[in-house]
Amino acid sequence: MTQPIATAIAGSLPKPAWLAQPEKLWAPWQLSGAALDQAKTDAVRLAVDEQVRAGITVIGDGEQTRQHFVTTFIEHLDGVDFAKRKTMRIRDRYDADVPIVVAAVARRKPVFVADAKHLRQLTENPIKFTLPGPMTLVDTLYDDCYGSREKLAWAFAEILNQEAHELVAAGVDVVQFDEPAFNVFFDEVSDWGVKTLERAAAGLACKTAVHICYGYGIEANIKWKSTLGSEWRQYERTFPLLAASRIDQVSLECHNSHVPMDLIALLDGKDVMVGAIDVATNQVETPAEVAATLRKALQFVKPHRLIGCTNCGMVPLPREVARAKLHALAAGAAIVRGELGWS
Ligand code: ZN
């Protein structure tokens, strides 16, 4: 990045009402067949347009072509049965009916590569593409084949690496792996989580990133957060491992959370995507609030390594709220850039 205090979204943006039911997580599509394909393509154009008009630096596709950030990826793989489902506890927090791994997982065809090529055509800005990380994939499925979360994670890491290499060839500048599971299973993160993440990111000729959050503003997550106490120190376990890893960027939750800002110091040498936008409220941050969060982060990370970001995906928010939050994010970063003598 040439200018300090870049900005980016964590991943998702709300979908237009003609594509999927608004303000709903994992909402079903409103169309099918060729009409659905066309609607997704149009929605990506709008998502890019919203970000560019707001002045966001690193552009994503807003995950407009995905119903779910994990299962949409898995649907394209062999070895997973979506017809049969089992109830599983996800992130140790809530039950969900999930697909079953019935045979060796394999990627016979690209998943998001056509989407990445499309995104590349829509903007001159750097572009970021998100993929679910190996541990989060494992934690969103019932395994009836591998008999080991670690073994399944290594298998997914290989598949993710194949996909990521093709995304880079399509012109993607940042490949981000989403690992909310890293905030829950600390022993596994240390045993094999970071290693499988590095395998997924191996040899990529682009920036690599990991997003670790406290989830969307859904009830199960809000309840969980209320049990975490006045200081959320979960990152203290994972950041030293990530600092020693080959991953370039770390995306974390900050604004309106109880994460102590000084934990960022544990990420010395990494780019840090600081969550300056709360995705669990419709209240829109002011540019001054965003600037205040970024200023605090600057005590622990250099301006060229700081990227103002959202805490998590914005898909469940009303579109006008998400749009206003994008503008606040860009305006807040501009304030701080001005203070540093860059404008
Ligand atoms: Zn998230």
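FYI, it's all coordinate maths here, none of it is from the lab. Keep in mind that this is a model prediction, so the values were computed, not measured. All Cβ positions, even for glycine, are placed from backbone atoms using ideal geometry, and neighbour counts span all protein chains on display.
Below, the figures for the structure above:
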{"read-out": "For the range 210-271: rounded, prolate or oblate by the Cα gyration tensor [a/c cutoff 1.5]", "value": "prolate"}
{"read-out": "For the chain: relative contact order, % (alpha-carbon pairs under 8 angstrom, 6 or more apart)", "value": "21"}
{"read-out": "Spacing of the two label points (7 Å from each Cα toward its C-beta) at Gln67 and Arg93, in nm", "value": "2.2"}
{"read-out": "Theoretical gain in end-to-end length, Ala243 to Asp78 [0.36 nm per residue, Cα-Cα removed]", "value": "56.0 nm"}
{"read-out": "Sparse-neighbour loop sites [trypsin sites (Lys or Arg not before Pro); the range 108-213; at most 13 other C-beta within 10 Å; DSSP]", "value": "Arg108"}
{"read-out": "DSSP loop chymotrypsin sites (Phe, Trp or Tyr not before Pro) with at most 14 other Cβ within 10 Å excluded, longest remaining stretch of the chain", "value": "19-341"}
{"read-out": "Distance from the range 1-72 to the range 219-281 (C-alpha centre basis), Å", "value": "24"}
{"read-out": "For the chain, the spread of Cα positions along each principal axis, largest first, Å", "value": "57, 45, 39"}
{"read-out": "Arg53-Trp26 pseudo-label distance in nm [points 7 Å out on the Cα-to-Cβ vector]", "value": "3.2"}
{"read-out": "Cα-centred dipole magnitude for the chain, charges only on beta-carbon of K, R (+1) and D, E (-1), debye, nearest 20", "value": "280"}
{"read-out": "Fewest-first sequence of Leu13, Leu31, Leu267 by Cβ atoms within 10 Å of each Cβ", "value": "Leu31, Leu267, Leu13"}
{"read-out": "Computed magnitude of the charge dipole of the range 14-121 (debye, nearest 20; Cβ of K, R +1, Cβ of D, E -1)", "value": "240"}
{"read-out": "Label-point gap, in nm, between Val102 and Ser230 - each point 7 angstrom along Cα→Cβ", "value": "5.3"}
{"read-out": "Net charge, Asp49 excluded, C-beta distance under 11 Å - Lys, Arg +1, Asp, Glu -1", "value": "+1"}
{"read-out": "Bridge type composition, the range 15-154 - antiparallel percent by DSSP, nearest 5", "value": "75"}
{"read-out": "Counted charge near Ala280, where neighbours are those whose Cβ lies closer than 10 Å (Asp, Glu -1; Lys, Arg +1)", "value": "-1"}
{"read-out": "Segment Lys302-Asp144, length gained on full extension (0.36 nm per residue, minus Cα span)", "value": "52.3 nm"}
{"read-out": "Dimensionless Rg ratio for the range 58-214, taking C-alpha atoms and the 2.2 N^0.38 Å reference", "value": "1.00"}
{"read-out": "Radius 14 Å from Cβ of Phe300, net charge of other residues (Lys, Arg +1; Asp, Glu -1)", "value": "+1"}
{"read-out": "Student exercise, the range 150-246 dipole from Lys, Arg, Asp, Glu Cβ charges, in Debye to nearest 20", "value": "200"}
